[in-house]
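Comments concern the structure below.
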Amino acid sequence: MNEIAVEAKGLKKTYEKVDAVKGVSFAIPKGELFGLIGPDGAGKTSIFRILTTLILPTEGKAEIFGNDVVKDYKKIRNNIGYMPQRFSLYQDLSVEENLNFFARVFGTSVQENYDLIKDIYIQIEPFKNRLAGKLSGGMKQKLALSCALIHSPDILILDEPTTGVDAVSRKEFWEMLIRLKQKGITIVVSTPYMDEANLCDRVALIQDGRIMKIDKPQNITNEFGRKLWAIKSENIYKLIQDLRQFEFIDTVYPFGEFIHITSKDNSMDINSLILLLKNNNHSKIEMLEVQPNIEDCFMELMNN
Amino acid sequence: MSRFIGFVKKEFSHIFRDYRTMLILFGMPVAQILIFGYVVSNEIKDIKIAIYDKSKDNVTQEITNKILSSGYFIIDKNIDNDNQVEDAFKKGNIREVIIFEPHFAEKLEREGKASIQILADASDANTANIVSNYTSAIIRTYMKNELMKGELPFVIDTKVQILYNKELKGVYMFVPGTMALILMLVSAMMTSISITREKEMGTMEVLLVSPLRPMPIILGKVIPYVGLAFMNALVIIALSYFVFDMPMQGNLTFLLLETLLFILMALSLGILISTVSKSQMMAMFISMFALMLPTMLLSGFIFPIENMPKILQWLSSIMPARYFIVIVKNIMIKGSGILVVWKETLYLTGITILFLVISIKKFKVRLE
């Protein structure tokens, strides 16, 4: 477990005028499922492209299994499974042809590594003669994952594999990743969905080209360190407006059908707040204390 | 090697599954050669000519009859003094004036030699060329059949003079031109588009992060097109030979080798285009404007190079298609071998290597 699979030191990437990555360092031990969590434009894709040797870092260095991404890019390319953010298979080839093609490109055959992809491929096998371009979003991702896995790489780098995929397929996809992890494959995955963070061994929360925090999801939520309440009423919009007016309330973020709030002195009497809101013409008010999740932590970190 | 074969196989699948690609690859060459072939037909019929017979003897009379009875020419006018020649042309009815020198029969008998001058209006260069060739041929046949019977060899000297476009050398023969055009299109445009398509679809990203090196990727993309372009060349040569009676004087194998060289040149140009363009659209525009138009306009395919302004002549001299056209013409029409066209062949080889070197240097092993 102590062997390092990926190590990045002070990575920076500057495109003409934009600083996409502003000094990022992390280390991922072998066999870990590591998540890069952050909104669009946070620099996730740039980091992944540096790791996959597709672009050069402006500054800093990165190694994959001890191979430098700049100097030893050929070695890295032999042993890496990469799934770009955009569906990047041949749309005019069938499912089976795509898989066979990538198997051959990596100098292997589908039979040879069938065990590895079996769980995944079996789900798309009924459509093996369908053109890849005609698959649904979820099936496309499963095919892409199969293709990235076909040569049995030691590390998988998946750039937002679940973006634009329905909830059921997302869940299935993560189950597959966890099974792959159990087979000893190091997996680095990025996602804009905070709820997926809990499925990773460790996550890096990234915002605006900087990593705000790297830790186990559990530790991150434990470190929230404040009480968090969820509240809702009939008029959510007005509720947000009103809550933001109150002096003693610190943060107000809408969160699904609830609003998550914290108070400045970390204590709040639920009943008096409800009373206060009732005086402001709110009805059907529900309020309870909740455990912070990754998204709450992300927001919290972003503000600091 | 298995990797490479897999790649080539995949490339063929792309080509055979896209009906537009198929249409360009197989429909266009045939359509183009037929269109050019029929539009630029060298059949002539009822061409109006004028005759200026300064001799008016039985031999000139006989030759005139032969020419007029051939079915190609009809007489528009008999001319009886020098001034009328220019006027006759300027009216624009006639395409050719045939002038017999004075005392034609007498000279032929005494000196064994007499002259006929053929003036052709080359404002339409192609017709002028054909018309004058037909006339000369009729006179030659007459000479062979009628005059050679005697013991003394008689010679009728036909002097062809081309008016208004004196250097008729560049007049196009459509087959070499079409061949250059189509091979350029298939090879350069199709490869550049197919390589940029991988970039556009994001598949290049996946290919790069694989053990495949740039060379096999490029070769794998290019090889199917070598085969297809070569097949196209065969179709064009066959069509031109069987349908349009293009002569095939030279060695076919040699012609095919030169064709292969030209295909390689066009492919390396296609690769070069793909390394500088980011999208299929861009690759297509570069191919269109940087390749197709110059190939058509500057290679001597349509417009004679000799009549171009100096700067265009200079530009034309770097057009690979120009040299290919010269090579094809020489082999097919004159039956020349490598000794005649070695300079052109050398140029094509050189520029192919140049394109290849630049594109290998420019090919990015990364995305940027």
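The values are calculated or read from the model by the stated rules, or taken from the named source; none is laboratory data. Since the structure is predicted, the reported quantities are computational estimates derived from the model, not experimental observations. Note that each Cβ is placed from the backbone with ideal geometry, even for glycine, and that neighbours are counted across all protein chains shown. Surface areas here come from the heavy atoms of the whole protein model, side chains and all, with no ligands, DNA or RNA. Shrake-Rupley method; radii C 1.70, N 1.55, O 1.52, S 1.80 Å.
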Exercise. Looking at B:ILE236, B:ILE271, which one is of a type in the set (A, V, I, L, M) and closer than 23 Å to B:GLY350 by Cα?
Worked result: B:ILE271
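At the interface with chain B (Cβ under 9 Å from one of its Cβ atoms) and not hydrophobic (A, V, I, L, M, F, W, C): which single residue out of A:SER146, A:SER88, A:SER136, A:SER152 fits that description?
Numbers: A:SER146 fails: at the interface with chain B (Cβ under 9 Å from one of its Cβ atoms); A:SER136 fails: at the interface with chain B (Cβ under 9 Å from one of its Cβ atoms); A:SER152 fails: at the interface with chain B (Cβ under 9 Å from one of its Cβ atoms).
After applying the criteria, what remains is A:SER88.
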For this session: Name every residue in the range A:71-85 that is within 7 Å of chain B (Cβ to nearest Cβ) and within 20 Å of A:GLY184 (Cα to Cα), in order of residue number.
Result: A:ARG77, A:ASN78, A:ILE80, A:TYR82
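Within the range A:104-119, can you find the residues that are farther than 23 Å from B:LEU212 by Cβ and in contact (Cβ under 8 Å) with a residue 24 or more places away in the chain?
Filtering the range A:104-119 down to residues farther than 23 Å from B:LEU212 by Cβ leaves A:115, A:118-119.
The answer is A:ASP119, and nothing else.
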Problem set entry | Residue match in the range B:251-263 (condition: farther than 24 Å from B:THR21 by Cβ and among the hydroxyl-bearing types (Ser, Thr, Tyr)) | yes
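Restricting attention to the range B:67-79, does a residue exist that is assigned to a helix (DSSP H, G or I) and in the same structural domain as B:ARG140 (by TED's automatic domain parsing)?
Applying the first criterion (assigned to a helix (DSSP H, G or I)) to the range B:67-79 yields B:67-68.
Within this subset, residues satisfying the condition of being in the same structural domain as B:ARG140 (by TED's automatic domain parsing) are B:67-68.
Scanning the range B:67-79, I find at least one residue that is assigned to a helix (DSSP H, G or I) and in the same structural domain as B:ARG140 (by TED's automatic domain parsing), so the answer is yes.
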For this session: Search the range A:134-171 for residues being touching a Leu at 6+ places or on another chain (Cβ under 9 Å) and among the small types (Gly, Ala, Ser), and hand back the single one that is surrounded by the most Cβ atoms within 10 Å (Cβ to Cβ).
Result: A:SER146
For this session: May I ask you to list the residues in the range A:98-132 that are within 10 Å of chain B (Cβ to nearest Cβ) and of a type in the set (Gly, Ala, Ser)?
Result: A:ALA103, A:GLY107, A:SER109
Exercise. Considering B:THR253, B:THR203, B:THR259, which residue is open to solvent by less than 30 Å² (accessible area, probe 1.4 Å), more than 21 Å from B:MET288 (Cβ to Cβ) and without any contact (Cβ under 8 Å) to a residue 40 or more places away in the chain?
Worked result: B:THR203
Exercise. Of everything in the range B:281-337 that's farther than 28 Å from B:PHE254 by Cα and in a loop (DSSP other than H, G, I, E, B), which residue is least open to solvent (accessible area, probe 1.4 Å)?
Worked result: B:MET308
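I need a count of the residues in the range B:83-106 that are in a helix (DSSP H, G or I) and over 37 Å from the mean Cα position of the chain (by Cα). Before you say what the answer is, go through the steps one by one.
Of the residues in the range B:83-106, the ones in a helix (DSSP H, G or I) are B:83-91, B:104-106.
Now narrow it down to the ones that are over 37 Å from the mean Cα position of the chain (by Cα): B:83, B:104-106.
Qualifying residue count, the range B:83-106: 4.
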Seminar exercise, completed: Apart from one, (1) more than 11 Å from chain B (Cβ to nearest Cβ); (2) under 16 Å from A:ALA144 (Cβ atoms) all hold for A:LYS61; the odd one out is (2)
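Could you go through the range B:28-37 and let me know if any residue there is closer than 30 Å to A:GLU97 by Cα, in contact (Cβ under 8 Å) with a residue 60 or more places away in the chain and either in a helix (DSSP H, G or I) or more than 14 Å from chain A (Cβ to nearest Cβ) (or both). So that I can check it myself, show each step before the final result.
Restricting attention to the range B:28-37, the residues satisfying the condition of being closer than 30 Å to A:GLU97 by Cα are B:28.
Now drop any that are not in contact (Cβ under 8 Å) with a residue 60 or more places away in the chain, which leaves B:28.
With either in a helix (DSSP H, G or I) or more than 14 Å from chain A (Cβ to nearest Cβ) (or both) added as a condition, the list becomes B:28.
So far as the range B:28-37 goes, yes, one or more of its residues are closer than 30 Å to A:GLU97 by Cα, in contact (Cβ under 8 Å) with a residue 60 or more places away in the chain and either in a helix (DSSP H, G or I) or more than 14 Å from chain A (Cβ to nearest Cβ) (or both).
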Exercise. Being open to solvent by less than 40 Å² (accessible area, probe 1.4 Å), more than 14 Å from chain A (Cβ to nearest Cβ) and closer than 30 Å to A:VAL70 by Cβ, is that true of even one residue in the range B:224-238?
Worked result: no
Exercise. Which numbered condition trips up B:ILE47, out of (1) out of contact with any Phe, Trp or Tyr (no Cβ under 9 Å at 6 or more places or on another chain); (2) over 30 Å from A:ASN100 (Cβ atoms)?
Worked result: (1)
Exercise. Considering only residues of the range A:215-239 that are without any contact (Cβ under 8 Å) to a residue 40 or more places away in the chain and over 28 Å from the mean Cα position of the chain (by Cα), which is surrounded by the most Cβ atoms within 10 Å (Cβ to Cβ)?
Worked result: A:ILE236
For this session: May I ask you to list pairs of residues, at least six apart or on different chains, whose Cβ atoms are under 7 Å apart, with the first in the range A:80-103 being at negative phi and the second being surrounded by 24 or more Cβ atoms within 10 Å (Cβ to Cβ) and among the hydroxyl-bearing types (Ser, Thr, Tyr)?
Result: A:ILE80/A:THR52; A:TYR82/A:THR52; A:LEU99/A:SER146
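Which of the strands (runs of 3 or more DSSP E) found entirely inside the range A:23-129 contain at least 3 residues meeting this: open to solvent by 30 Å² or more (accessible area, probe 1.4 Å)?
Numbers: elements: A:33-37, A:59-64, A:80-83.
Output list reads A:59-64.
Can you tell me which of B:ILE63, B:ILE49, B:ILE116, B:ILE24 is assigned to a helix (DSSP H, G or I), more than 30 Å from B:ALA233 (Cα to Cα) and open to solvent by less than 60 Å² (accessible area, probe 1.4 Å)?
Result: B:ILE63 is the single residue among B:ILE63, B:ILE49, B:ILE116, B:ILE24 that is assigned to a helix (DSSP H, G or I), more than 30 Å from B:ALA233 (Cα to Cα) and open to solvent by less than 60 Å² (accessible area, probe 1.4 Å).
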